[in-house]
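Sharing a structure, written as structure tokens. Questions coming.
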Amino acid sequence: MPPDSSVAQLFTQQAHPLRSLEFFPPKDDAGVESLRQTAKALQRIQPDFVSVTYGAGGSTRERTAQVSKILREDLGFTVMPHLTCVGHSRTELKELADRIHANGFRNIMTLRGDPPKGSTEFAAVADGLHYASELVGLLKSQHQDFCLGVGGYPEKHPEAVSADVDLANLKTKVDAGADFITTQLFFDNTVYFRFVDRCRSAGIKVPIVPGIMTVLSLKQIQRFTTMCGATLPVTLVKRLEAAGEDSDIVETIGIDWALGQIRELIAKGAPGYHIYIVNRAKSALALAAGLAA
Ligand SMILES: Cc1cc2nc3c(=O)[nH]c(=O)nc-3n(C[C@H](O)[C@H](O)[C@H](O)COP(=O)(O)OP(=O)(O)OC[C@H]3O[C@@H](n4cnc5c(N)ncnc54)[C@H](O)[C@@H]3O)c2cc1C
């Protein structure tokens, strides 16, 4: 099986905006089987690539490798595994890079990572890395043909002292060799367009892919946005409150909102969109159908 295409190349070659979907690694074998079924259902919308997140530690990390392999070898997707600095020494990260490369993957979402459960602050292990920019440097020096995505924060990374400092740190990541940026989720497109303008003014030239999540429940999205510092527009909250506990209506509102976001993003020049699908096929399929209409 030939190695995956580089996502950076897809950005320049594809005539259409790139569509990517993000999975997270399940906890057990039953979860892997259910993810396989979800991914099979998603084959027909032909995402340009899919990604698989990397847990803060423990057995889910092996699951990232397992699921990435299934998605690539059994289901034929171009797969971008995520990798973080959490808990790894430089030597381990180099070994992981070699393993990922040997298995035919050429794209990695390159992150510092969130602190493991129970810790509130990120702490590098002995001989470990402190920032995603260092991991970008390490991966590129290990394998020049890796194409690396990095995270970007339109509403500022929660730990950053200011938006300007965060932007300067993002520039460092890109200068270290990152090929594209995928943003943290957001629900108000003006936030994304402002961020892109600020990045371009700062000399960041790589594609900036908007990260979109469809709402499944008001409580869940309030938890996510509190954690990552994203704003929930009042109009969206009011609609979700009016839907109450009716999960079908909530999901319809979530899909409708995301559809509106994606249409405008693409119309105004976003290079693609990345959907945080939380391992569910329904909303990604509904979005694809809505966008095809
Ligand atoms: C698209 C996407 C996918 C994600 N996938 C995962 C995943 O699979 N697993 C996971 O655990 N988490 C994931 N995350 C969450 C991410 O790990 C957290 O947001 C984490 O807190 C920061 O990661 P980073 O790679 O952005 O870090 P960094 O870019 O290293 O930034 C972290 C903080 O340090 C600051 N900083 C950066 N460089 C410097 C410097 N040189 N000096 C001082 N300060 C600096 C930044 O401003 C920021 O506040 C993802 C996030 C995004 C946007």
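Determine whether the range 144-160 contains at least one residue that is more than 16 Å from the chain's Cα centre (by Cα), within 11 Å of the ligand (Cβ to nearest atom) and free of Cβ contacts under 8 Å to residues at least 60 places away in the same chain.
Yes, there is a match, as at least one residue in the range 144-160 is more than 16 Å from the chain's Cα centre (by Cα), within 11 Å of the ligand (Cβ to nearest atom) and free of Cβ contacts under 8 Å to residues at least 60 places away in the same chain.
Conditions (1) within 30 Å of E95 (Cα to Cα); (2) out of contact with any helix residue (DSSP H, G or I) (no Cβ under 6 Å at 6 or more places or on another chain), marked per residue:
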residue: Q144; (1), (2): yes, yes
residue: L148; (1), (2): yes, no
residue: P158; (1), (2): no, yes
residue: V161; (1), (2): no, yes
residue: D164; (1), (2): no, yes
residue: A178; (1), (2): yes, no
residue: Q184; (1), (2): yes, no
residue: D188; (1), (2): no, yes
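Please state which one of G137, G104, G177, G151 is within 26 Å of S6 (Cα to Cα) and part of a strand (DSSP E or B).
Values: G137 fails: part of a strand (DSSP E or B); G104 fails: part of a strand (DSSP E or B); G177 fails: part of a strand (DSSP E or B).
Only one candidate qualifies: G151.
A quick yes/no check of all residues on (1) over 30 Å from A267 (Cβ atoms); (2) touching an Asp or Glu at 6+ places or on another chain (Cβ under 8 Å); (3) of a type in the set (G, A, S):
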site: Q142; (1), (2), (3): yes, yes, no
site: P158; (1), (2), (3): yes, no, no
site: K171; (1), (2), (3): no, no, no
site: T182; (1), (2), (3): no, no, no
site: V191; (1), (2), (3): no, yes, no
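Out of T226, T183, which single residue is within 16 Å of the ligand (Cβ to nearest atom), closer than 23 Å to V136 by Cβ and of a type in the set (S, T, N, Q)?
Only one candidate qualifies: T183.
Among the residues of the range 125-142, are any modelled with pLDDT of 95 or more, in contact with a helix residue (DSSP H, G or I) (Cβ under 6 Å, 6 or more places away or on another chain), within 15 Å of A56 (Cα to Cα) and within 8 Å of the ligand (Cβ to nearest atom)?
Yes - at least one qualifying residue is present in the range 125-142.
Consider the range 102-113. How many of its residues are in contact with a Pro (Cβ under 8 Å, 6 or more places away or on another chain) and away from the ligand (no atom under 16 Å from the Cβ)?
Going through the range 102-113 one residue at a time, the tally reaches 2.
How about the range 211-281: which helices (runs of 4 or more DSSP H) wholly inside it have at least 2 residues that are closer than 21 Å to Y153 by Cβ and touching a Leu at 6+ places or on another chain (Cβ under 7 Å)?
The qualifying helices (runs of 4 or more DSSP H) are 218-228, 247-267.
Need pairs with beta-carbon distance below 7 Å; first residue more than 13 Å from Q142 (Cα to Cα) and surrounded by fewer than 19 Cβ atoms within 10 Å (Cβ to Cβ) and within the range 82-109, second of a type outside the set (A, V, I, L, M, F, W, C) and at pLDDT 95 or above; sequence gap 6+ or separate chains.
Here the result reads S89/D127; S89/G128; N103/K69; G104/P3; G104/D4; G104/R72, each pair linking the range 82-109 to a residue that is of a type outside the set (A, V, I, L, M, F, W, C) and at pLDDT 95 or above.
Which one of these does T60 not meet: (1) touching a residue at least 12 places away in the same chain (Cβ under 8 Å); (2) under 21 Å from A258 (Cα atoms)?
Here T60 clears every test but (2).
I've got another one for you. Within 12 Å of the ligand (Cβ to nearest atom), modelled with pLDDT of 95 or more, assigned to a helix (DSSP H, G or I) and more than 16 Å from the chain's Cα centre (by Cα), is that true of L167?
Judged against the criteria, L167 is a match.
Moving on. Taking strands (runs of 3 or more DSSP E) that fall entirely within the range 1-92, which contain at least 3 residues that are of a type outside the set (A, V, I, L, M, F, W, C) and within 16 Å of the ligand (Cβ to nearest atom)?
Correct list: 18-23, 79-84.
Yes or no, residue by residue, for (1) buried (at least 19 other Cβ atoms within 10 Å of the Cβ); (2) out of contact with any strand residue (DSSP E or B) (no Cβ under 9 Å at 6 or more places or on another chain):
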| site | (1), (2) |
| --- | --- |
| F180 | yes, no |
| Q184 | yes, no |
| V215 | yes, yes |
| T235 | no, yes |
| E245 | no, yes |
| T252 | no, yes |
| I266 | no, no |
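The values are calculated or read from the model by the stated rules, or taken from the named source; none is laboratory data. Because the structure is a prediction, the values reported are computed rather than measured. All Cβ positions, glycine included, derive from the backbone under ideal geometry; neighbour counts span all protein chains shown.
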